[in-house]
Amino acid sequence: MLQRKDFYIDGRWVAPSTARDLEVVNPADEQAFAVISLGSEADLDKAVAAARAAFESWSVTAREERVDLLERLAAEYKNRLDDMAKAISQEMGAPMRLATEQQAAAGLGHIKAFIRALKNFTFEHALDERNPQEYIIYEPIGVCGLITPWNWPMNQVALKVVPALAAGCTVVLKPSEVAPMSSMLFAEIVDAAGVPAGVFNLVNGDGPTVGEAMSRHPGIDMMSFTGSTRAGTAVMKAAADTVKRVTLELGGKSPNIVFADSDVPQAVARGAAQCFQNTGQSCNAPSRMLVERSIYDEAVTIASEQAANCKVGDPAMDGEHIGPLSSAVQFEKVQALIEAGIKEGARLAAGGPGRPEGFNRGFYVRPTVFADVSNDMRIAREEIFGPVLAMIPFDTEEEAVAIANDTPYGLSAYVQTGDRERLRRVSRQLRAGMVQVNGTGRASGSPFGGYKQSGLGREGGKWGIEDFLEVKAVSGWE
């Protein structure tokens, strides 16, 4: 069993102040494969002190120096890409193909995108042509506390650590204790890339201990959190006493509107597959499919066939299958919500409770489709975070938009239509931070984030760097 009990603080691996062992469980077989230590406030204090000391010099480095460092980081990450994919697969159950081609690859893709953004970022400029004497300067905000989730671990670590370093900030990272191994590997990569001591620090721990202590720590100037809306509100409340900046990327219940003038078989099959990808454990998953009534029955049949044909298998094996959910807690949550859908009267069109046939251990679930869902049911309002699709009929464009926006969330939305004017009209009306149309993928460096209870701020590209900067106006510069 792997023993990874140390933390990365001030450029070296150090033992925790107090030993609090935690086993890391492989969700495919429910067996522990590694042991980490959960940190304490004393460990956090050491990491914050290191980050504050390093900020003095790192915050005034030249852009070229930071670009060089990130390029070395990208090279080291690329060298460890296979190791990263294996770590992600073991800790949270992503099948190896997904772990390699999407999960681990996302981290490298973000590093490269931030390098491009950093090279083109304007840190200083005159206010405008009429006011050349008013000078605007963007400066790093300071020490940043970063809390990342288990579902796309390297995607989120890269979206926080890299822009913070690009901006000139120093960081303390607390990855999810459910999936910490990829972040421990990332710390090794950081070390190999020659990141100066104290600029990057990692302390493992749980939310109520280390997470809360980070949020209220007077030595941390900013908190960036990705996770559930419930936990995000706790971060904001804990951060309020020190009036630190907080950015949040939280939950979603993303609508996928399918109009009759779209390529219905392709649109529905694609939407169901997107919902089931990563075993449904994506905050931007299109988990509510809103279908125009004239094609509704056809769509239910197509989505049900997609669920029936969605293979579930061992994440260690190659293939296009989905793996288990990340943990026993997540398994029980998804099972409870599937049962709630049945009790509330939704029509179970595919899947259902329990493990798929052939599995008697591991946190595997059946890809599930509910038809005839009303938007006030729990399965339409709560973020299930599993491969569960809720299908809702609509009659008019106006009704579709109303149902889509009738949610406390506003992360992503999806639109399927062959009408270009409708595409643009509906996209403008949807209260979501991101809209994807007719299967179009998101561009590298595009802003990621949402409206309402889906969060605050945007990650990715120049927007990601801006989140870690203060704006200073200097009068009389000329």
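For this structure, a couple of remarks:
- Pairs where the first residue, in region 125-140, is surrounded by fewer than 13 Cβ atoms within 10 Å (Cβ to Cβ) and the second is of a type in the set (Gly, Ala, Ser), C-beta under 7 Å, 6+ apart: Pro132/Ala126; Gln133/Ser475; Gln133/Gly476
- Selection from region 414-434 of residues that are without any contact (Cβ under 8 Å) to a residue 40 or more places away in the chain and touching a Phe, Trp or Tyr at 6+ places or on another chain (Cβ under 7 Å): Arg431, Gly433
- Pick from region 452-478, criterion out of contact with any Leu (no Cβ under 8 Å at 6 or more places or on another chain), at pLDDT 95 or above and more than 23 Å from Thr170 (Cα to Cα), ranking: surrounded by the fewest Cβ atoms within 10 Å (Cβ to Cβ): Gly476
- Residues of region 363-402 that are surrounded by fewer than 22 Cβ atoms within 10 Å (Cβ to Cβ) and at positive phi: Asp372 alone.
- Index of the failed condition, Gly145 passing every other in (1) buried (at least 24 other Cβ atoms within 10 Å of the Cβ); (2) closer than 26 Å to Phe33 by Cβ; (3) of a type outside the set (A, V, I, L, M, F, W, C): (2)
- Single residue of region 1-29 satisfying the filter (within 24 Å of the chain's Cα centre (by Cα) and not in a strand (DSSP E or B)) that is nearest to Ser182 (Cα to Cα): Pro27
- Pairs with Cβ under 6 Å, 6+ apart, first in region 102-115 and under 20 Å from Gln274 (Cα atoms), second at pLDDT 95 or above and polar (S, T, N, Q): Ala106/Asn155
- Verdict on Glu332 being outside any loop (DSSP other than H, G, I, E, B), within 23 Å of the chain's Cα centre (by Cα) and either loosely packed, with under 15 Cβ neighbours inside 10 Å or not assigned by TED's automatic domain parsing to the domain that holds Met289 (or both): yes
- Qualifying residue in region 418-425 (condition: surrounded by fewer than 18 Cβ atoms within 10 Å (Cβ to Cβ) and in a loop (DSSP other than H, G, I, E, B)): yes
- Of the candidates Asp241, Asp297, Asp263, the single residue that is of a type outside the set (Gly, Ala, Ser) and assigned by TED's automatic domain parsing to the domain that holds Ala179 is Asp241.
- Unique match (being without any contact (Cβ under 8 Å) to a residue 60 or more places away in the chain and surrounded by fewer than 22 Cβ atoms within 10 Å (Cβ to Cβ)) among Ala75, Ala34, Ala85, Ala42: Ala42
The values are calculated or read from the model by the stated rules, or taken from the named source; none is laboratory data. Here the structure is a predicted model, which is why all the values come from computation and not from measurement. As a convention, Cβ positions derive from the backbone with ideal geometry for all residues, glycine included, and neighbour counts pool all protein chains shown.
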